[in-house]
Amino acid sequence: MKLPYIIAVDDDAQVLNALVRDLRAEFRKGYRIIQTTNPDEVLKSLETFKAADEEVAMIVSDQRMPEMQGVDLLSKARAFYPDARRVLLTAYSDNEAAIRGINDAALHQYLTKPWDPPSEKMYPILNELLEDWKAVRKPTESGIKVIGYQFSPKSHALKSFLAGNLVPYLWLDLQDNPRAQELCKFNNLQNQDFPAVIFEDGSLLKNPEPAAVGQKVGLQTEIKTDMYDVVIVGAGPAGLAAAVYGASEGLRTLLIDKQAPGGQAGTSSRIENYLGFAAGISGSELTRRAIDQAKRLGSEFLVPQNVTDITVHNKYKTLTLADGRTINALSVVIATGVEYRVLELPSAQKFTGAGVYYGAANTEAEACRNKNVFVVGGGNSAGQAAMYLSNFAERVYISIRREDLTSTMSAYLIHQINGTENIEVVSCSEVQDVLGDNHIEKVMLRDMNTNEVHEHSAAAVFVFIGARPYTDWIKLDTIKDSRGFIETGLDLRKYEDFKKVWKKEREPFLLETCNPGIFAAGDVRSGAMNRVASAVGEGAMAIKFVHEYLAEI
């Protein structure tokens, strides 16, 4: 198996030699490291590598080069290898160039010269970037292969499951991929067998449920102890933070999710306002780092498992799973977040997973190459999806009901959208209908000012139209607000039912529900701020209150 490339470029031969020396000292076992002083040679090499189906993991480029600035080189390199990690070498005075690189070339990181000692100033950063690249790399023929039809809801669900759980796979579309058709004949696959998954060892699963695939790829499906100090339901940012802090503080911690870690944030193509990541970070990268951290510290992660009920017996909490198994815990953190609202159209329900997608921009973007797509919604998730899709689609239309985006989207995203030529905001509009045979082909858009309906060709519609809390599964008496979000802390006192269910002499802790020892954190909680950073903060806070609760029982 050929090793992927790391490319180093700097017009100063002395600096370049030092860079390559340090890169080889750390990465030579897993990568082929090549160097050049000429940026044009890099672009020619990338073209050659692409034709030969070679992998490029990272490009490290100096900024100040007479033939071409580093930012421009990395921007051009992105067209050949969009997933390769792009790193800019700058002098301390070149911060403006680094910022321009982040905005114009989707720079992943910048390093200031000198980088001594590399063990502190280079290797940790580049190792994280390479781990991120491994998580999104497309495997070769020796990796996991998923065979199916592009516009199949079950194929979409399986791809989303694998991508969400950071399992690399190679998608082979039966309609236009000769290799898929060849494998179909070789394995004697019939229509009822799709989607089919072929694993690295050659074994095959026909039309599998995600749980069967998860077990096969090594995801945890069994609990390891009879009693947990804390069980966290939901692995979005709040749940992941609770898992990290719970495990790090010595609690027997179990994290459960019905689909995959990350929640809605995990599907974001780029989060640019999270503290400490100047170049931004994708939701999948942030999720991978968090789940690795939680596991390293000792937290268990059960996926895909759906919790269907919580019951309380004295100080013990029992969680029931969809398969009938039960889990015992001393405390529970509910961090199930929210779900996107659906388009209330019969045709949209018909095409769900076959052209109508809720989130999932990263999973289905490749199928939208050189086609028109619609993003419905005006929040940050919609803006991030539109920016990501613009790298693939011929044109991206953002349909919003308001006059503009200023009241619903962060300013940095609006600025990026306004500067992207193939994105168009269609204000005061709503989707009236979606049309097609086996998949979406057209979108009918109603102008809310004139009531006129306009027809647009479209390959897909990505929906981000607000969210509702995922709390319907909770059968335990739990006080919620009028929209279904869980009430916590002193806000519980305004409800008449509070005194009927709360039997403790003390007041509820800040994130505690009306059931002692059961906490809510993140977007599922009434009054929560819908930001990744605040969800992470609440997840960490929840563990503080778990400790206080455990101390009193």
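The values are calculated or read from the model by the stated rules, or taken from the named source; none is laboratory data. Everything numeric here is computed off the predicted structure, so don't read it as measured data. Because the Cβ atoms are built from the backbone with ideal geometry, glycine has one as well, and the counts that use them run over all protein chains shown. Note: areas computed on protein heavy atoms with side chains; ligands, DNA, RNA excluded. Shrake-Rupley method; radii C 1.70, N 1.55, O 1.52, S 1.80 Å.
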Hey, what's the per residue convex hull volume over the C-alpha atoms of segment 56-179, in cubic angstrom?
137
Can you pull the one-decimal nm distance between simple spin-label points at K134 and K494, each 7 Å off the Cα toward Cβ?
5.0
The ³J(HN,Hα) series, computed from each phi in segment 499-512 with the Karplus coefficients 6.51, -1.76 and 1.60 at θ = phi - 60°, rounded to the nearest Hz and given as x for glycine or proline, is 5, 6, 9, 8, 10, 7, 6, 6, 7, x, 5, 3, 9, 7
Is segment 222-378 rounded, prolate or oblate when judged by the Cα gyration tensor, a ≥ b ≥ c being the square roots of its eigenvalues, rounded requiring a/c under 1.5 and prolate requiring a/b larger than b/c?
oblate
Neighbourhood net charge (11 Å Cβ-Cβ; Lys/Arg +1, Asp/Glu -1) for F80
+1
Expected unfolding gain across L204-K224 under the 0.36 nm per residue rule, minus the alpha-carbon gap, is 4.4 nm
Give the residue list of GluC sites (Glu not before Pro) in segment 27-115 that are DSSP loop and have at most 14 other beta-carbon atoms within 10 angstrom.
E67
Take the residue pairs K29/K134; K44/K113; K258/K503; K50/K138 and return only those whose Cα atoms are more than 20 Å apart.
K44/K113; K258/K503
What GluC sites (Glu not before Pro) in segment 454-539 are in a loop by DSSP, with at most 16 other Cβ atoms within 10 Å of the Cβ?
E496, E505
Dipole in debye (nearest 20) - segment 295-441, about Cα centre, beta carbon charges: Lys, Arg +1; Asp, Glu -1:
740
State to the nearest 20 debye the size of the charge dipole of segment 327-381 about its Cα centre, where the only charges are +1 on K and R beta carbons and -1 on D and E beta carbons.
140
Working out 0.36 nm times the residue gap between D83 and S427, then minus their Cα-Cα distance, what length gain in nm do you get to one decimal?
120.6 nm
At a Förster distance of 60 Å, what's the computed FRET efficiency of D447 paired with Q181, Cβ-Cβ distance as r, to 0.05?
0.85
Of all the accessible heavy-atom surface of segment 43-132, with the other protein chains kept in place and a 1.4 Å probe, what percent is carbon and sulfur?
49
Could you work out how much longer the chain between E47 and R24 gets when fully extended? Use 0.36 nm per residue separation minus the Cα distance between them, nm to one decimal.
5.9 nm
Whole-Hz Karplus couplings 3J(HN,Hα) for segment 161-173, θ = phi - 60° and coefficients 6.51, -1.76, 1.60, Gly and Pro as x, run 5, 5, 5, x, 8, 6, 9, x, 8, 10, 8, 10, 7
Do the sum for the chain: with -39,500 (n - 2.57) for every DSSP H run of n ≥ 4, divided by all residues, what is the mean residue ellipticity at 222 nm, to the nearest 500 deg cm²/dmol?
-9500 deg cm²/dmol
Rank L183, Q293, N17 by how far each Cα sits towards the positive end of the charge dipole of the chain (+1 on Lys, Arg Cβ; -1 on Asp, Glu Cβ) and give me just the farthest.
Q293
Near-label residues of segment 243-276 by backbone N, under 18 Å of a point 7 Å along Cα→Cβ of D323
254-261
Where the centroid of each part is defined by its Cα atoms, how far is segment 66-131 from segment 485-538 in Å?
44
Computed label-point distance, nm, for sites D40 and K154 using a 7 Å Cα→Cβ extension
5.5
In whole percent, what relative contact order does segment 142-183 give with Cα contacts below 8 Å and a gap of six or more residues?
48
Suppose a student asked you for the relative contact order of the chain, using Cα pairs under 8 Å spaced at least 6 residues apart; what percent would you report?
10
Near D10, within a Cβ-to-Cβ distance under 13 Å, what is the net charge of the other residues, with Lys and Arg +1 and Asp and Glu -1?
-3
Once the Cβ-Cβ distance between R341 and A13 is put in as r, and R0 is 56 Å, what FRET efficiency do you end up with, to the nearest 0.05?
0.45
For V425, list long-range residues whose amide hydrogen, built 1.01 Å from N in the peptide plane, is under 5 Å from its own amide hydrogen.
I398
With a point put 7 Å past each Cα toward its Cβ, work out how far T311 is from E67 in nm, to one decimal.
7.3
What trypsin sites (Lys or Arg not before Pro) does segment 457-553 have in DSSP loop regions with at most 15 other beta carbons within 10 Å?
K475, R483, K503, K504, R506
Cα lying deepest toward the dipole's positive end in the chain, options N422, Y397, V332, charges on Cβ
V332
The size of the Cβ-based charge dipole (Lys, Arg +1; Asp, Glu -1) of the chain about the Cα centre, to the nearest 20 debye, is 1120
Which whole-Hz couplings ³J(HN,Hα) result when phi for each residue of segment 26-40 is put into the Karplus expression 6.51 cos²θ - 1.76 cosθ + 1.60, θ = phi - 60°, listed in order with x for Gly and Pro?
9, 10, 5, 6, x, 9, 8, 10, 10, 9, 7, 9, 10, x, 4
What residues have an amide H closer than 5 Å to that of R32, excluding those fewer than 5 places away on the same chain, when H is modeled at 1.01 Å from N in the peptide plane?
Y5, I6
Average accessible surface area per residue within the chain, 1.4 Å rolling probe, Å²
45
FRET efficiency estimate (nearest 0.05) - Cβ-Cβ, E249 to E507, R0 22 angstrom
0.40
Whose amide H sits under 5 Å from the amide H of K371, counting only residues 5 or more places off or on another chain, with H placed in the peptide plane?
E394, R395
